[in-house]
Amino acid sequence: MLFWIPRLLALAACLLALGCASPRLPPSPASHPPSPLSAEQSNGVAIHALGLVGTPYRYGGNTPEGGFDCSGLIGYVYRHSAGQAMPRTVARLAGFGRPVAASDIRSGDLVLFGAATPSHAGIYVGDGQFVHAPSTGGEVRLDRLDGVYWSRQPVQVRRL
């Protein structure tokens with residue numbers, strides 16, 4: 001009469017195992033290292049970013065039609081130019097890719113501004129310039145790293 005208890009326990013164990021074996025969500029971009037970009041991809045990122053100059057700023061925005069904030073601009077450009085998924089916040093971008101000395105900066109590198117935790121980011125496009133989405137009411141624009149405001153900000157450079 002009690003011979004069915006072990007079978008029932010075995011069946012319960014199988015059902016539990018199947019439940020735990022359900023597919024998992026893919027890891028977030030910040031949880032694995034990005035693929036290194038070729039020089040051609042890095043230049044493509046810079047050219048694409050330059051093409052978005054003039055797009056309206058919008059907090060939380062991540063499309064040319066809806067506008068961009070700084071991390072939305074970066075995510076859009078890297079996704080469409082290099083097929084690279086990027087973290088959605090500046091804080092997460094600060095840990096993405098690898099750090100690069102400012103003296104070794106090249107087109108397509110990220111520039112992040114702020115002291116301990118960066119609060120703003122852009123895409124370096126060469127010749128001392130970067131593209132970014134700076135503020136509410138503004139638009140995506142091209143600025144110089146050695147400009148009056150930006151040269152006074154702590155800057156980090158990151159490369160994918």
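Tabulated data
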{"quantity": "Residue in the range 127-160 that is modelled with the lowest pLDDT, counting only those that are among the small types (G, A, S) and surrounded by fewer than 16 Cβ atoms within 10 Å (Cβ to Cβ)", "calculated": "G137"}
{"quantity": "Residue in the range 106-117 that is within 24 Å of A39 (Cβ to Cβ) and among the aromatic types (F, W, Y) present", "calculated": "no"}
{"quantity": "Which numbered condition A85 misses (of (1) part of a loop (DSSP other than H, G, I, E, B); (2) free of Cβ contacts under 8 Å to residues at least 24 places away in the same chain)", "calculated": "(2)"}
{"quantity": "Those residues of the range 34-76 which are under 12 Å from the mean Cα position of the chain (by Cα) and in a strand (DSSP E or B), in sequence order", "calculated": "N62"}
{"quantity": "Among (1) in a loop (DSSP other than H, G, I, E, B); (2) among the polar types (S, T, N, Q); (3) closer than 17 Å to P99 by Cβ, the one test that T136 misses", "calculated": "(3)"}
{"quantity": "Of residues in the range 48-82 being in contact (Cβ under 8 Å) with a residue 60 or more places away in the chain and among the β-branched types (V, I, T), the one farthest from G122 (Cα to Cα)", "calculated": "T55"}
{"quantity": "Selection count where residues are closer than 17 Å to R88 by Cβ and not β-branched (V, I, T), scope the range 115-143", "calculated": "7"}
{"quantity": "Failed item, numbered, when I123 is tested on (1) assigned to a loop (DSSP other than H, G, I, E, B); (2) crowded, with 16+ Cβ neighbours inside 10 Å", "calculated": "(1)"}
{"quantity": "Exclusive hit being more than 12 Å from H132 (Cα to Cα) and in a loop (DSSP other than H, G, I, E, B), set R79, R92, R106", "calculated": "R106"}
{"quantity": "Members of the range 33-90 that are charged (D, E, K, R) and closer than 16 Å to V111 by Cβ", "calculated": "D69"}
{"quantity": "Cross-chain or 6+ apart pairs with Cβ under 8 Å, the range 131-160 first and in contact (Cβ under 8 Å) with a residue 24 or more places away in the chain and within 18 Å of H48 (Cβ to Cβ), then polar (S, T, N, Q) and outside any helix (DSSP H, G or I)", "calculated": "A133/T55; E139/T55; V140/T55; L142/Q129; L160/S35; L160/Q84"}
{"quantity": "Unique residue being surrounded by fewer than 20 Cβ atoms within 10 Å (Cβ to Cβ) and of a type in the set (A, V, I, L, M) when the list is A94, A116", "calculated": "A116"}
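The values are calculated or read from the model by the stated rules, or taken from the named source; none is laboratory data. Quick caveat: nothing in here was measured; it's all calculated off a predicted structure. All Cβ positions, glycine included, derive from the backbone under ideal geometry; neighbour counts span all protein chains shown.
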